[in-house]
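The values are calculated or read from the model by the stated rules, or taken from the named source; none is laboratory data. Values in this document were obtained by computation on a predicted structure and should not be read as measured data. In this analysis, Cβ positions are derived from the backbone assuming ideal geometry, glycine residues included, and neighbour counts consider all displayed protein chains. Remember, those area values only see protein heavy atoms, side chains included, never the ligands or the DNA or RNA. Shrake-Rupley method; radii C 1.70, N 1.55, O 1.52, S 1.80 Å.
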Amino acid sequence: MFQSGCCIPGHSFMPEGVGEISVSAYEVLKTGTRIIMDNGFDFAEATVGLIMGLGEEELELLAGREGKHITVCNSFIPPSLPIVRGGDDLRKYVNESMRRMKVLSIDTVIFGSGTARRIPEGMSKAEGMEKITDFLKMCSEYGDKYGITVAIEPLNSRETNAINSVEEGAELAEKLNLKNIKLLADAFHMAREKEPVSILSDIAHLLVHVHVSEPDRAYPGKHSGDYLPAFAKELKAGRYKGGISAECSFDDFKSESAAAAAYMREVFK
């Protein structure tokens, strides 16, 4: 049986009045996680940026409360730290972010970071991918240190120009062959790139996490079409047993995430 989760969105879900003032990362994480767990999900997924926005006391406080339900992070590297540039600042960021994840008992971080991993004009794709490969090797070192797995997230070509398909991500993960570097499949990005869901059954052994939404990024079940059932069928055929998060847009986070939880339990069971 898979574990279902939901990504904590921005500040728009905060209670009336609270969202009108400056909302702390701590409040967003606390309130978002409570809503997610109350709606029947098994875990919450947060951005690394929110985790990095916590003070040390807040980090420890969250770890003893709602933070125990946050098991996955996404949006790993900010645009201000281009991966092809490398350097000590990038290494320090990876180390500190993973240290914070360990405090919260987070075991997986998603490497999407489309802007940060973009290969700049004037650099060949081969050179750019070599830089990304070096970055992932460095992440593996810190993953060993902190007990965290990095999941490569293929993103559609509108968001980045590096690793745009699950097939390409799988080839990279297999080439690296590192225990802490695995793969994520995202239903939205696959739909946008028109990548057939049939590939999922072939590469399921590399997957450690999955993101789902409707093809237009609406919450799972909003349109009740054929896409997500077909997506689920291929995951089952590949015997995937990992976590599946709703990563999508919400108009009303509380009510629509509850609907997404119910839909996911039915379709991905």
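If the chain between H223 and N95 were fully stretched, how many nm would it gain, using 0.36 nm times the residue separation less the Cα-Cα distance? Mind dumping the intermediate values first?
Details: separation 128, 0.36 × 128 = 46.08 nm, distance 4.09 nm.
Stretched fully, the H223-N95 segment lengthens by 42.0 nm.
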task = Pull out the extension gain between K269 and E57, defined as 0.36 nm times the separation in residues minus the alpha carbon to alpha carbon distance; nm, one decimal.
result = 72.4 nm
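Kindly sort M98, M52 by accessible area of their heavy atoms, largest first, with the probe set to 1.4 Å. Each step should come with its number before you reach the end.
Numbers: M98 0, M52 55 Å².
Greatest to least solvent exposure: M52, M98.
Taking the Cα centre of the chain as origin, sum charge times position over the Cβ atoms of Lys and Arg (+1) and Asp and Glu (-1), and report the length of that vector in debye to the nearest 20.
Details: 31 positive and 40 negative charges, 124 e Å.
Using Cβ point charges on Lys, Arg, Asp and Glu, the chain gives about 600 debye.
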inquiry  = Tell me which of M123, V208, P196 sits at the most positive position along the dipole axis of the range 96-249, charges placed on C-beta atoms (Lys, Arg +1; Asp, Glu -1).
reply    = V208
ask   = Can you give the accessible area of K30, probe radius 1.4 Å, in Å² rounded to 10?
value = 40 Å²
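What is the percent carbon and sulfur in the accessible area of the range 164-242, measuring with a 1.4 Å probe over the protein chains and ignoring ligands?
Whole-percent figure for carbon plus sulfur exposure: 46.
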ask   = If amide H atoms are built 1.01 Å from N in the plane of the peptide, which residues on other chains or at least 5 residues away come under 5 Å of the amide H of A151?
value = V109, I110, F111, K182
request  = Using only protein heavy atoms and a 1.4 Å probe, report how much of L81 is accessible, in Å² to the nearest 10.
outcome  = 20 Å²
remark   = Reduced to Cα centres, the span from the range 175-244 to the range 60-85 in Å works out to 22 Å
task = Could you go through the range 220-229 in sequence order and give the Karplus-derived ³J(HN,Hα) for each residue, using 6.51 cos²θ - 1.76 cosθ + 1.60 with θ = phi - 60°, rounded to whole Hz, and x for Gly and Pro?
result = x, x, 4, 9, 6, x, 8, 5, 5, x
Residues whose placed amide H lies under 5 Å from that of T71, excluding near-sequence neighbours = A44
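On a 25 Å Cα-Cα criterion, which of the cross-link pairs K102/K175; K68/K254; K30/K137; K30/K182; K194/K254 come out too long? Kindly include the intermediate steps, with their values, before the conclusion.
Details: K102/K175 27 Å; K68/K254 20 Å; K30/K137 33 Å; K30/K182 28 Å; K194/K254 31 Å.
Pairs exceeding 25 Å: K102/K175; K30/K137; K30/K182; K194/K254.
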ask   = Roughly what % of DSSP beta bridges within the chain run antiparallel, to the nearest 5?
value = 0 percent
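Dipole of the range 141-269, Cα-centred, from +1 at each Lys and Arg C-beta and -1 at each Asp and Glu C-beta, to the nearest 20 debye?
I would put it at about 460 debye.
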request  = Please work out how much accessible surface R99 shows to a 1.4 Å probe, ignoring ligands, DNA and RNA, in Å² rounded to 10.
outcome  = 70 Å²
query = Which ³J(HN,Hα) values in Hz, rounded to whole numbers, follow from the phi angles of the range 245-262 under the Karplus curve 6.51 cos²θ - 1.76 cosθ + 1.60, where θ = phi - 60° and Gly and Pro get x?
reply = 9, 7, 10, 7, 9, 10, 8, 10, 4, 4, 6, 6, 5, 5, 5, 5, 4, 5
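Could you work out the helix-only [θ] at 222 nm for the chain, with each DSSP H run of four or more residues adding -39,500 (n - 2.57) and the total divided by the number of residues, to the nearest 500 deg cm²/dmol? All intermediate terms of the calculation are to be shown ahead of the outcome.
Values: 10 runs with 113 residues, N = 269.
The helix contribution divided over the chain gives -13000 deg cm²/dmol.
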inquiry  = Just to check I understand the Karplus step: with θ = phi - 60° and J = 6.51 cos²θ - 1.76 cosθ + 1.60, what whole-Hz values come out for the range 65-74, glycine and proline as x?
reply    = 10, 4, x, 5, 8, 8, 10, 9, 10, 10
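Report the charge-dipole magnitude of the range 38-127 in Debye, nearest 20, computed about the Cα centre from +1 at each Lys and Arg Cβ and -1 at each Asp and Glu Cβ.
Magnitude of the dipole: close to 400 debye.
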key: Range in the chain, longest, excluding exposed GluC sites (Glu not before Pro) [loop by DSSP; at most 12 other beta-carbon atoms within 10 Å]   = 122-269
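Run the accessible area of the range 26-149 with a 1.4 Å probe and give the carbon-and-sulfur part as a rounded percent. Show your work: numbers first, answer last.
Working: 2460 of 5330 Å².
Whole-percent figure for carbon plus sulfur exposure: 46.
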task = Kindly report the accessible area of the chain per residue (heavy atoms of protein chains, probe 1.4 Å, no ligands, DNA or RNA), in Å².
result = 45 Å²
message = Can you list residues from other chains, or at least 5 along the same chain, whose modelled amide H is less than 5 Å from the amide H of F41?
response = none
